[in-house]
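For reference, the structure discussed in these notes is given below.
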Amino acid sequence: MKGDAPMTEHLTASNPAARTWTGYLRSDGRKGIRNLILVIYTVECAQHVAHAIAAGEDEVQVLGFPGCYDNQYAVRLMLALGRHPNVGGVLAVGLGCEYTRPDKIADVVSRSERPAHWFYIQSVGGTQKSIEKGKQLVREMRERSQRDARRVEMSLADLTVGAECGGSDGTSGLAGNPVVGAFFDRLVDAGGSAIFEETVEMVGLRRVLLERGVDERARAQLAEAYDKVLGYCKEVRQYSVSPGNFAGGLTTIEEKSMGAFAKGGSRPIQGVIKVAVPPPRPGLWIMHTVPDPHFMGFGYTNPNDTEGIMDLVSAGCQTVLFVTGRGSVIGSVIAPLIKVTGNTQTYERMIDDMDFNAGTVLTGETSLDDAADQLCQLVMRVAAGEPSKPEALGHREYFVMYKHQEAPPLTLGCRA
Amino acid sequence: MATLLGDAEPEPVLVLGAGASGIVELSEPVQLGHKVALHDIEQGGVIVKFGETIGRASRRIQRGSWVHLHNVTSEFDERSQTLDVHTGAVTDTKYE
């Protein structure tokens, strides 16, 4: 990442809302903290070429969908990611046989005033020619995107931050998630947006969840989401709790849920949003990623951590906080992932991967408030251009799957 | 219910937190992040953590015992009862 966006400290650390840094203004009014070129492949057969195009290129990242048959959820996700505030241009690469249309992806992205191109590998003439053509296109787009970028001042109020947990243990609910929750309170108070998902990790918390709704409408949305989650989990007979969670001391999904929910902090929940939908206004939001009923029944919810991160990023999160207890080595395309652990043993053992140790709250070395303030500073440094550890290590994980989710029309930039 | 902040042998450990200070004598080794019972709990009794019910005792649990899959069940998740109590490893999927 370019370190050319120094944070200007107008006021003291006690007023993080007043801190500003330089970001990238997009045509829909949202602001990015990175300026990336995205290569999107539209079928597994184009995967190698897409990665070869991005290999060795600064500021160029890859994501794609493996299926030949297309899927509305996957298309919505890719369109949202292609117009993410951190993205400055898109190259869509298809093989030429598949249902998903790279020409449509490029067309939609170009209407957002970003450079966008597409081609079929079959038409260009195979692997080598496609890689050469792709490299030429992404280099041109990168140059144009850097030249034409509208640099603007941004602050916490311009940030949408996601939170996800994975590899949780008994410390996650006691330290990692509560520190993220306390940071979310600060972000929301500063006028920013905070999103957490993992509604499947709210099983057992119906009453606790509904109490947090800001109004009747939000409470009704939360109740509907909860009931859908429980019905879904009962049907697939799989709850969102892993062998590693049990090894780390978590005994039931209800216990894990209480810990996971702690990352929602204490501010009212404005409502429930679905995948690829930006929050309609600032504040704290829950994203509902669980599949809706469909005749094919496809779509595990949260089959892995990266899937949830993709969903959060699709809502426009410029960065995502990832809380782990056991340890995790994933990162993310588009939005830098910031790793937080509440387990000091894990922090020390996996120091190269961990950005923040919330375990000091458990030992009493740091208060929850101080830890949240420190995390807030870290988020702002990453937003200003400092690479997070997964980002510096080159982690660019992505996961686009088949899923069915009923959703409103895809409109971006509608922060009315 | 208390959560261990470090690995412990069968030994007395200090309990911190709201309304629960004192010493509890562990009757078995309990690892970091795992739970120990602060009171005797009858079979069928509720297990409370974070002030909420997180499961029920599937057998009687004595103060100082490790509280986990072998003596607690979820109200929702049945599959977790098939996992290895120490490692969490799956036992119900066939590999041969």
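Do you know which residues across the range B:50-73 are assigned to a loop (DSSP other than H, G, I, E, B) and either touching a His at 6+ places or on another chain (Cβ under 6 Å) or farther than 18 Å from A:S172 by Cα (or both)?
B:S58, B:R59, B:R60, B:Q62, B:R63, B:G64, B:S65, B:L69, B:H70, B:N71 - these are the residues of the range B:50-73 that are assigned to a loop (DSSP other than H, G, I, E, B) and either touching a His at 6+ places or on another chain (Cβ under 6 Å) or farther than 18 Å from A:S172 by Cα (or both).
The residues in the range B:51-72 that are at the interface with chain A (Cβ under 8 Å from one of its Cβ atoms) and surrounded by fewer than 19 Cβ atoms within 10 Å (Cβ to Cβ) can be counted, and the count is 2.
Determine, yes or no, whether A:E235 is away from every other protein chain (no Cβ under 12 Å) and modelled with pLDDT under 90. Yes: the conditions hold for A:E235. Just so you know, in the range B:61-96 the residues that are charged (D, E, K, R) and out of contact with any Asp or Glu (no Cβ under 6 Å at 6 or more places or on another chain) include one that is farthest from A:L230 (Cα to Cα), and it is B:E96. Number of residues in the range A:242-257 that are within 26 Å of the chain's Cα centre (by Cα), in a helix (DSSP H, G or I) and aliphatic (A, V, I, L, M) equals 1.
Those strands (runs of 3 or more DSSP E) of the range A:92-208 in which at least 1 residues are of a type in the set (V, I, T), considering only elements entirely within it, cover A:150-154, A:160-165, A:193-196. Would you call B:D92 over 18 Å from A:S168 (Cβ atoms), acidic (D, E) and either touching a helix residue (DSSP H, G or I) at 6+ places or on another chain (Cβ under 7 Å) or surrounded by 15 or more Cβ atoms within 10 Å (Cβ to Cβ) (or both)? For B:D92, the condition - over 18 Å from A:S168 (Cβ atoms), acidic (D, E) and either touching a helix residue (DSSP H, G or I) at 6+ places or on another chain (Cβ under 7 Å) or surrounded by 15 or more Cβ atoms within 10 Å (Cβ to Cβ) (or both) - is met.
Checking the structure you have, find out if any residue of the range A:183-198 is within 14 Å of chain B (Cβ to nearest Cβ) and aliphatic (A, V, I, L, M). Checked against the condition, which is being within 14 Å of chain B (Cβ to nearest Cβ) and aliphatic (A, V, I, L, M), the range A:183-198 yields no hits at all. Within the range A:21-46, residues that are outside the structural domain of A:T100 (by TED's automatic domain parsing) and closer than 14 Å to A:S155 by Cα sit with their Cβ atoms under 6 Å from residues that are assigned to a strand (DSSP E or B) and among the basic types (K, R), at 6+ positions apart or across chains, in these pairs: A:T22/A:R151; A:G23/A:K31; A:L25/A:K31; A:L25/A:R150.
Being under 19 Å from A:G316 (Cβ atoms) and outside the structural domain of A:N357 (by TED's automatic domain parsing) holds for only one residue in A:R114, A:R144, and it is A:R114. Going residue by residue through the range A:117-125, is there one that turns out to be surrounded by 15 or more Cβ atoms within 10 Å (Cβ to Cβ), touching a residue at least 60 places away in the same chain (Cβ under 8 Å) and within 26 Å of the chain's Cα centre (by Cα)? No: the range A:117-125 contains no residue that is surrounded by 15 or more Cβ atoms within 10 Å (Cβ to Cβ), touching a residue at least 60 places away in the same chain (Cβ under 8 Å) and within 26 Å of the chain's Cα centre (by Cα).
Quick grid of which residues meet (1) under 17 Å from the mean Cα position of the chain (by Cα); (2) within 14 Å of chain B (Cβ to nearest Cβ); (3) in contact (Cβ under 8 Å) with a residue 24 or more places away in the chain:
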position	(1), (2), (3)
A:Y347	no, yes, no
A:D352	no, no, yes
A:D355	yes, no, yes
A:G359	no, yes, yes
A:T363	no, yes, no
A:L368	no, yes, yes
A:Q374	no, no, no
A:M380	yes, no, yes
A:S388	yes, no, yes
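Report whether or not A:G181 is under 18 Å from the mean Cα position of the chain (by Cα) and either hydroxyl-bearing (S, T, Y) or assigned by TED's automatic domain parsing to the domain that holds A:V313 (or both). Criteria met by A:G181. Out of the range B:9-36, which residues are within 12 Å of chain A (Cβ to nearest Cβ) and surrounded by 13 or more Cβ atoms within 10 Å (Cβ to Cβ)? Result: B:V30, B:Q31, B:L32, B:G33, B:H34, B:K35, B:V36. Scan the range A:244-275 residue by residue and report those that are touching a Phe, Trp or Tyr at 6+ places or on another chain (Cβ under 8 Å), away from chain B (no Cβ under 14 Å) and either of a type outside the set (V, I, T) or within 30 Å of B:T82 (Cβ to Cβ) (or both). Selection gives A:G265, A:R267, A:Q270, A:G271. Just one of (1) out of contact with any Leu (no Cβ under 7 Å at 6 or more places or on another chain); (2) under 30 Å from B:A89 (Cα atoms); (3) surrounded by fewer than 22 Cβ atoms within 10 Å (Cβ to Cβ); (4) within 14 Å of chain B (Cβ to nearest Cβ) fails for A:E211. It is (2). Annotation: B:G44 fulfils all but one of (1) touching a Phe, Trp or Tyr at 6+ places or on another chain (Cβ under 7 Å); (2) surrounded by fewer than 12 Cβ atoms within 10 Å (Cβ to Cβ); the unmet one is (1).
Here is a yes/no grid of residues against (1) of a type outside the set (A, V, I, L, M); (2) surrounded by fewer than 22 Cβ atoms within 10 Å (Cβ to Cβ); (3) over 28 Å from A:A218 (Cα atoms):
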position: A:S257; (1), (2), (3): yes, no, no
position: A:P278; (1), (2), (3): yes, no, no
position: A:R281; (1), (2), (3): yes, yes, no
position: A:F295; (1), (2), (3): yes, yes, yes
position: A:M310; (1), (2), (3): no, no, no
position: A:V313; (1), (2), (3): no, no, no
position: A:V320; (1), (2), (3): no, no, no
position: A:G331; (1), (2), (3): yes, no, yes
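Of the strands (runs of 3 or more DSSP E) lying entirely inside the range A:20-66, those containing at least 1 residues that are touching an Asp or Glu at 6+ places or on another chain (Cβ under 9 Å) and more than 18 Å from A:D311 (Cα to Cα) span A:21-25, A:36-41.
Is there a residue being farther than 18 Å from A:A315 by Cα and hydrophobic (A, V, I, L, M, F, W, C) anywhere in the range A:69-88? Checking the range A:69-88: not a single residue is farther than 18 Å from A:A315 by Cα and hydrophobic (A, V, I, L, M, F, W, C).
The values are calculated or read from the model by the stated rules, or taken from the named source; none is laboratory data. The shown structure was predicted, so the numbers you read here are calculated from the model rather than taken from an experiment. Methodologically, a virtual Cβ is constructed for each residue, glycine included, from the backbone with ideal geometry; neighbour enumeration extends over all protein chains shown.
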